[in-house]
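Engineer: One structure, as structure tokens, below. Some questions next.
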Amino acid sequence: MQMGVGGHVSISTIFIFVFFSILLSSSEAAIKPDGNDFHVGFYRRTCPRAEEIVADVVLRAMSRDPGIAAGIIRLFFHDCFVNGCDASILLDSTPSGAPVEKESPANGGTLRGLEVIDEIKAQVEQECPGVVSCADILAFASRDAALLSGLSNHRVPAGRRDGLSSRAADTLGNLPSPSSSINYIAGIFATKGLSLEEMVILTGAHSIGVSHCSSFDYRLYNFSSTQRTDPDLDMLHASYLSAECPGPQSLLGRVKGDRAVNFDHLSPHRLDNAFYVHLLQGTALLQSDQAMANDPKTSRIVHRMAFHPIAWSRQFARAIIRLGSVDVLTGTEGEIRKNCRSVN
């Protein structure tokens, strides 16, 4: 999941309050409330083994590659943040012929877990043809990936329908970059009906997975016109990262290319609150993540999550359920795809 992207913006307290009040009030409808078409146990009668099948496939995939969990969770985030949780990120093409979301600069070449969703869909279609949406499969798979990585178990509402369109252009302004400011990222979350605290909580998913050197190596070699290295980056950790991501001018750097580095090199597959501990230590990879420890609007939340692992786990589960409710299609909206990669 690549939700970070940063610099600090100097802005008065009054303006901050008004800015976020407007954003939050204008996005109250972004998250759909539960109803007859969207609830826990949606497939209890129509496909009772749906969630069991999802869990089995995710378990097998993670037994082969524990790192696939982060890929699945990131797929879910990137899907929901672009026109809602409608599985549009899974489409290879649409009738319009326009470039799809997975081909956008924010996604191109970095998405993982697509083949896991394909396997789940194939098995579910054998069990219950034309019943379970790709959007719900992605939500269930994200929950199971998080659970197998250490998160508390939680029940996921279902009843999502699959979208009919996917446009790379729609990722612009919806998926932050690793250098986006806290105000910018918080604004995006607000348009999804998610609070500043939920932004900090959900970014904790960066306790697993990887980031590529190209997303943060400017912090090591070309941070600003006056500082070669980001002063918010711990010096010892900067030295470690320089070995992992040699400067492009070095022979080793040219050989290694844009390699992937674990967000947490101590427990790369454990989804926990260690992310916030790293923020306090100045060892986050992304500038946008590190900024949360220093910004007065978010630092208090970071400190609280760093010292309360159980509280973070519970709040993450609640926040990701709310994320999975963003602009969902229900009832007769959209469709139930036969193949997650193409519209019917």
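Engineer: Of the residues ALA145, ALA122, ALA135, only one is in a helix (DSSP H, G or I), touching a residue at least 40 places away in the same chain (Cβ under 8 Å) and either more than 14 Å from MET62 (Cβ to Cβ) or of a type in the set (S, T, N, Q) (or both); which? Reasoning before the result, please.
Structural biologist: Values: ALA145 fails: either more than 14 Å from MET62 (Cβ to Cβ) or of a type in the set (S, T, N, Q) (or both); ALA122 fails: touching a residue at least 40 places away in the same chain (Cβ under 8 Å).
Answer to the selection: ALA135.
Engineer: If I filter the stretch 109-128 down to residues being open to solvent by 40 Å² or more (accessible area, probe 1.4 Å) and not charged (D, E, K, R), which single residue comes out as nearest to ILE73 (Cα to Cα)? Break it down stepwise before answering.
Structural biologist: Looking only at the stretch 109-128, we keep the residues that are open to solvent by 40 Å² or more (accessible area, probe 1.4 Å), and these are 109-110, 112, 115, 118-119, 122-123, 126-127.
Retained after the next criterion (residues that are not charged (D, E, K, R)): 109-110, 122-123, 126.
Numbers: GLY109: 16, THR110: 13, ALA122: 20, GLN123: 20, GLN126: 25 Å.
In this case the residue turns out to be THR110.
Engineer: For the stretch 173-215, give me each residue that is touching a Gly at 6+ places or on another chain (Cβ under 9 Å) and in a loop (DSSP other than H, G, I, E, B).
Structural biologist: Passing the criteria: PRO176, SER177, PRO178, SER179, SER180, SER181, LYS192, ILE208, GLY209.
Engineer: Suppose we filter the stretch 263-277 for residues that are within 12 Å of VAL210 (Cα to Cα) and either surrounded by 24 or more Cβ atoms within 10 Å (Cβ to Cβ) or in contact with a His (Cβ under 9 Å, 6 or more places away or on another chain) (or both); how many remain?
Structural biologist: So the answer is 2.
Engineer: Okay, moving on. With respect to PHE15, determine if the residue is within 25 Å of ALA317 (Cα to Cα), of a type in the set (Phe, Trp, Tyr) and at pLDDT below 95.
Structural biologist: no
Engineer: Another question, if that's okay. Return the residues of the stretch 21-32 that are at pLDDT below 50 and within 22 Å of the chain's Cα centre (by Cα); say none if nothing qualifies. Break it down into steps so the answer makes sense when it comes.
Structural biologist: Looking only at the stretch 21-32, we keep the residues that are at pLDDT below 50, and these are 21-29.
Within the stretch 21-32, LEU23, LEU24, SER27, GLU28, ALA29 qualify.
Engineer: Which numbered condition in (1) part of a strand (DSSP E or B); (2) open to solvent by 20 Å² or more (accessible area, probe 1.4 Å) is the only one that GLN227 fails?
Structural biologist: All conditions are met except number (1).
Engineer: Hey, could you check the stretch 166-203 for residues that are of a type in the set (Ser, Thr, Tyr) and touching a Leu at 6+ places or on another chain (Cβ under 7 Å) and say which is surrounded by the most Cβ atoms within 10 Å (Cβ to Cβ)?
Structural biologist: Taking the candidates together, the pick is SER166.
Engineer: Determine, yes or no, whether ALA238 is open to solvent by less than 40 Å² (accessible area, probe 1.4 Å) and under 23 Å from the mean Cα position of the chain (by Cα).
Structural biologist: So ALA238 does not fit the description; no.
Engineer: Take SER180 and decide whether it is among the polar types (S, T, N, Q) and within 27 Å of ASP65 (Cβ to Cβ). Step through it out loud before you land on a result.
Structural biologist: Details: among the polar types (S, T, N, Q): yes; within 27 Å of ASP65 (Cβ to Cβ): no.
Here the answer is no, as SER180 does not meet what is asked.
Engineer: So VAL156 passes all but one of these: (1) farther than 21 Å from ARG341 by Cα; (2) in a helix (DSSP H, G or I). Which condition number does it fail?
Structural biologist: Only one criterion is unmet by VAL156, namely (2).
Engineer: Sort out which residues of the stretch 91-108 are crowded, with 17+ Cβ neighbours inside 10 Å and either hydroxyl-bearing (Ser, Thr, Tyr) or within 24 Å of PRO48 (Cα to Cα) (or both), and write them in order of number.
Structural biologist: Scanning the stretch 91-108 gives THR94, SER104.
Engineer: Tell me, which residue of the stretch 33-67 that is buried (at least 21 other Cβ atoms within 10 Å of the Cβ) and within 20 Å of the chain's Cα centre (by Cα) is farthest from VAL326 (Cα to Cα)?
Structural biologist: Looking at residues that are buried (at least 21 other Cβ atoms within 10 Å of the Cβ) and within 20 Å of the chain's Cα centre (by Cα), I get ALA61.
The values are calculated or read from the model by the stated rules, or taken from the named source; none is laboratory data. Keep in mind that what you see is a predicted model, and the values were worked out from it rather than measured. As a convention, Cβ positions derive from the backbone with ideal geometry for all residues, glycine included, and neighbour counts pool all protein chains shown. Calculation scope for accessible area: heavy atoms of the full protein, side chains included, ligands and nucleic acids excluded. Shrake-Rupley method; radii C 1.70, N 1.55, O 1.52, S 1.80 Å.
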